[in-house]
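Below: the structure, in structure tokens.
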Amino acid sequence: SSVGRGPEVPFSSEAYRVSAAARGKELRLTLTPLGFAGAPQELVFRFGMSGSFRLCSAADIPRHAHLRFRTRDGPPHVLCFVDARRFGSWRLGDAWQEGRGPCVLSEYQAFRENVLENLDDRAFDKPICEALLNQKFFNGIGNYLRAEILYRLKIPPFEKARTVLEALKEQERRRKNPSLTLSKKLKLMRENPDILELCHTVPMEVIATEKNLYDPDHPDNYTAFKSWLQCYLVPGMSSLRDRNGRTIWFQGEPGPMAPKGQAPRKKRAQVESDPEAVTPKVPPRALRRCPRAAAKPPVPAEEEEEEAGDGPRKGRARRRRNAAAAPALPAPEVQVKAERRRSSARRGRG
């Protein structure tokens, strides 16, 4: 598309196959010509916050479809890379991005060793919630996954990462005890999963139940996914911004490394509006003072839900506090005028 930020793709073929491989937060597409028409072309994608692939009819191409692969058979379809926010990107070639560690899904054993053998790295001086977003060690873990993982293990998000991870060495030593049978070792792992295991199994839950969480006919419907979430954006959970400006959701105490001068905020339950409720009338005088009040309805509570990457909402919070502290609307104008006339009469007699 004209507004896409990715490079032009120098590939042309009458017929070709599209295949894909994933590693962490990246996806590699291979465009292979059918027959002997030329060399394959490879592209590596990163999805940002809103990027996705969508297959649709040629007459129904969604907005923000920045790269399109058209089918020749009828009725024609289009495979689109859709990205409303344009944080996603693609680059030519087959190389994964440098500095990313082993994938938490497809390279679990290498991922585990990469973390436990490098605990002296400065990345683990930070809170565990920030370390989990470091793709050098946790390639594939994002904002909602870190919240779900820490919540299940009841780990405060601002506990020091090295403190949390060094405890795993003792667990590994107990599991390797030669006196334990294989069944006992498996039972021990099931009953006491550690944080690195959940970095593998929690994303696997999303993949294993993908058909239940994602409806290809309604790709914007996240109802099932929201039901799966136990912590992230869930009413009753607290939230804080980490030092990278990302919001972490949690329950209980934040931990000893929590940012100073920032109080945890609680996610409020969504209140359903009553269709039969009577809308209070605003006196004409109030409308003249603030005409915007008539044109713009109040912001509902559910719109306070924020996404990772949004800036602070201090202005909105201040407006809510001011609205809560504001006095009731004055009495009808006729009564106010009558009161003033009586007051003037008293002053005249005096």
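Structural remarks
- Rounded accessible area of PHE53 (nearest 10 Å², 1.4 Å probe): 50 Å²
- Whole-angstrom gap from segment 246-270 to segment 80-106, using each part's C-alpha centre: 30 Å
- In the complete set of protein chains, residue-level accessible area for VAL3 is approximately 80 Å², probe 1.4 angstrom.
- Cα-derived Rg over Rh, computed across segment 16-92 with Rh taken as Kirkwood radius: 0.98
- Pair ASP73, LEU55: separation of 7 Å Cα→Cβ label points (nm): 1.0 nm
- Kirkwood hydrodynamic radius of segment 65-166, from inverse mean 1/r over distinct Cα pairs, in Å: 16.3 Å
- Cβ-derived FRET efficiency at R0 41 Å, ALA263 paired with TRP96, nearest 0.05: 0.55
- Accessible area per residue (1.4 Å probe, heavy atoms of protein chains only) ranks HIS77, HIS200, HIS66 as HIS77, HIS200, HIS66, with the largest value leading.
- Protein-only accessible surface order, largest first, of ARG68, ARG146 at 1.4 Å: ARG68, ARG146
- Accessible area (Å², 1.4 Å probe, nearest 10) - SER2: 120 Å²
- Here the label points at ALA224 and GLU14, each 7 Å from Cα along the C-beta direction, are separated by 4.1 nm in the simple model.
- Each principal axis of the Cα atoms in segment 1-159 has its own extent, and those three values, largest first, are 55, 32, 25 angstrom.
- Residue order for ARG91, ARG122, ARG100 - accessible surface, 1.4 angstrom probe, largest first: ARG122, ARG91, ARG100
- Near the amide H of GLY48, within less than 5 Å, lie the amide hydrogens of SER89, all on another chain or at least 5 residues away, with H placed in the peptide plane.
- Whole-Hz Karplus values for segment 79-87 come out as 8, 10, 8, 9, 8, 5, 8, 6, 7 Hz, taken residue by residue from phi with 6.51 cos²θ - 1.76 cosθ + 1.60 and θ = phi - 60°; glycine and proline positions read x.
The values are calculated or read from the model by the stated rules, or taken from the named source; none is laboratory data. Predicted model, so just to flag it, every value in this text is computed and none were measured. Neighbour counts run over all protein chains shown; Cβ positions are idealised from the backbone, glycine included. For accessibility, only protein heavy atoms count, side chains too; no ligands or nucleic acids. Shrake-Rupley method; radii C 1.70, N 1.55, O 1.52, S 1.80 Å.
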